[in-house]
C-alpha cells in the first residue's frame, strides 16, 4: 500500500431522523445527545491519524461531529452534502414503498432531488481533489454520500454503494494497493 493518498471517511453522529430511518439531506438537523456522545468517541480513533486535511459537509451534523471528534475543519465542501432526497425528504423507505413498491434510492427516481449519477459526479470531484492534494484527508459527511464515494473510489458505479452498510459515527479508510484503489477499512 502506498501512502500517497489516503482518504478517511467519518459519517456524522446520530440525528433524530437517522435514528428513525428517515431520509435527511437538506433539513439541517442537530445531533441527538447520543449522536454527540458517538462523535466524542471518534476522538480516540482519530487521535493518531496524522491528518493532512479535514474537509466537512456544510451541514451542522457533520461540522459538529468533527468538532466533538477533536478535528479542526480546514474546508467546507458543498460536494459533501448528503444525496438530495427532494420529495422524499424526511420520509422513511418503508413509507415511500407504500406508494412506490420496491423503491430504493439506488434504483428509482428521487423526485425533486438528485439522481445517483449527479451524486456520483459530486463524489468524483471530491476524489479528484483528494488525489490532487495527496496525503491523508479526512472527509466528514453523510451515509448515502459516503457509500457512493467509496463505490466511485474503487471505480464502481454509484449503486455499488448499496452493498456498503455504514453506521453513524464510524471511520472508514480508502487507499491504494499495488496501484489499485481499495477499501482499506469499512464501518469501523
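What follows is calculated from the coordinates using simple rules that are stated; it is not laboratory data. Predicted model, so just to flag it, every value in this text is computed and none were measured. Virtual Cβ from ideal backbone geometry, glycine too; neighbours counted across all protein chains shown.
All of 68, 31 fail the test of being more than 27 Å from residue 109 (Cα to Cα), without any contact (Cβ under 8 Å) to a residue 40 or more places away in the chain, surrounded by 15 or more Cβ atoms within 10 Å (Cβ to Cβ) and touching a helix residue (DSSP H, G or I) at 6+ places or on another chain (Cβ under 7 Å), apart from 31.
All of 11, 22 fail the test of being touching a strand residue (DSSP E or B) at 6+ places or on another chain (Cβ under 6 Å) and surrounded by 15 or more Cβ atoms within 10 Å (Cβ to Cβ), apart from 22.
Considering (1) surrounded by fewer than 22 Cβ atoms within 10 Å (Cβ to Cβ); (2) under 28 Å from residue 154 (Cβ atoms); (3) in contact with a helix residue (DSSP H, G or I) (Cβ under 6 Å, 6 or more places away or on another chain), the lone condition that residue 52 does not fulfil carries the number (3). Of the listed requirements (1) in contact with a helix residue (DSSP H, G or I) (Cβ under 7 Å, 6 or more places away or on another chain); (2) closer than 25 Å to residue 17 by Cβ; (3) surrounded by 20 or more Cβ atoms within 10 Å (Cβ to Cβ), residue 103 misses just one: (3).
Within region 106-122, the residues that satisfy the criterion of being closer than 18 Å to residue 26 by Cα, touching a helix residue (DSSP H, G or I) at 6+ places or on another chain (Cβ under 8 Å) and in a loop (DSSP other than H, G, I, E, B) are 110, 111, 112, 113, 114.
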